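J.: I am attaching a structure below and will ask some questions about it afterwards.
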Amino acid sequence: MTMRAIAAVFEKLFTPFTVADVEIDSPGPGEALVQIVATGVCHTDAITRDGDLPFPPPGVLGHEGAGIVAALGDGVSTVAVGDKVVIGWPWCGQCRNCLEGQPRYCLSLGQLVAGGSRPDGSAALRRADGSPLHSHFFGQSSFATYCLCAASSLVPVAADAPVETLRPLACGIGTGAGAVLNRPPTRWACGVHAR
Ligand SMILES: [Zn+2]
Ligand SMILES: [Zn+2]
């Protein structure tokens, strides 16, 4: 089953996005459909459009999405329809680093971020005429009115939170806060302690 959405489509390198009607899959097991309320435009979206990440056009970029859970696939218990969520990064949940509680260093991150599809190779998006579009940029492709993602990527926020202002938590703020909260060892920061 599919539903309609509107997306900013990354047609080819170095060219402006085009706004188009698209079809998006309804969620399968472990997946969630999120109605996007707001999404940031990160430098990484821009450099991907210019070829510095190998996400294959045509497809949909966007990785600072926040919104409201619109539908859930089977087996999802961590969020509910109607929850406000920030869409975090994808992670496999099975590799050494995921199992050690470091999903940001998931060993499958390259494929999950820029592979252009779900881990099984299927994409969730098509043009209105049925021609394929790559999806799941950073597991989300949030430059659209709806996005399909793994429910494990979703971070619920308070029901009265202003979700329209929270999308930078998905990347920009998370990156900066992570640099501060997980600061490098002293020996990296000061040559005196280099040994
Ligand atoms: Zn992993
Ligand atoms: Zn980013």
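The values are calculated or read from the model by the stated rules, or taken from the named source; none is laboratory data. It should be emphasised that the depicted structure is a prediction, and the values quoted were computed from it without experimental measurement. Glycine gets a Cβ as well: all are built from the backbone with ideal geometry, and neighbour counts include every protein chain shown.
J.: Residues in segment 140-161: is at least one within 11 Å of ligand 1 (Cβ to nearest atom), modelled with pLDDT of 95 or more and within 14 Å of the chain's Cα centre (by Cα)?
T.: Looking through segment 140-161, at least one residue is within 11 Å of ligand 1 (Cβ to nearest atom), modelled with pLDDT of 95 or more and within 14 Å of the chain's Cα centre (by Cα).
J.: More than 16 Å from ligand 2 (Cβ to nearest atom), touching a residue at least 24 places away in the same chain (Cβ under 8 Å), crowded, with 17+ Cβ neighbours inside 10 Å and not in a strand (DSSP E or B), is that true of Val9?
T.: Spelling it out, it is not the case that Val9 is more than 16 Å from ligand 2 (Cβ to nearest atom), touching a residue at least 24 places away in the same chain (Cβ under 8 Å), crowded, with 17+ Cβ neighbours inside 10 Å and not in a strand (DSSP E or B).
J.: Select from segment 94-109 the residues that are more than 9 Å from ligand 1 (Cβ to nearest atom) and modelled with pLDDT of 95 or more and list them in ascending order.
T.: Glu100
Listed here are the residues, each with its yes/no results for (1) over 17 Å from the mean Cα position of the chain (by Cα); (2) over 18 Å from Gly30 (Cα atoms).
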| residue | (1), (2) |
| --- | --- |
| Ala70 | no, no |
| Ser77 | yes, no |
| Val85 | no, no |
| Trp89 | no, no |
| Cys92 | no, no |
| Cys95 | yes, no |
| Tyr105 | no, yes |
| Gly110 | no, yes |
| Gly116 | no, yes |
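J.: Out of all the residues in segment 110-137, which are modelled with pLDDT under 95, of a type in the set (A, V, I, L, M, F, W, C) and within 12 Å of ligand 1 (Cβ to nearest atom)?
T.: Across segment 110-137, there are no qualifying residues.
J.: Please name all residue pairs, on different chains or six or more residues apart, with Cβ atoms under 6 Å, provided the first residue is in segment 97-115 and is within 12 Å of Phe138 (Cα to Cα) and in contact (Cβ under 8 Å) with a residue 40 or more places away in the chain and the second residue is aromatic (Phe, Trp, Tyr) and within 16 Å of ligand 2 (Cβ to nearest atom).
T.: Between residues of segment 97-115 that are within 12 Å of Phe138 (Cα to Cα) and in contact (Cβ under 8 Å) with a residue 40 or more places away in the chain and residues that are aromatic (Phe, Trp, Tyr) and within 16 Å of ligand 2 (Cβ to nearest atom), the close pairs are Val113/Phe138; Ala114/Phe55.
J.: Could you check how many residues of segment 119-136 are surrounded by 24 or more Cβ atoms within 10 Å (Cβ to Cβ) and over 12 Å from Pro58 (Cβ atoms)?
T.: Count: 2.
J.: So which residues in segment 24-49 are small (Gly, Ala, Ser), under 13 Å from the mean Cα position of the chain (by Cα) and within 11 Å of ligand 2 (Cβ to nearest atom), if there are any at all?
T.: Across segment 24-49, the qualifying residue is only Gly40.
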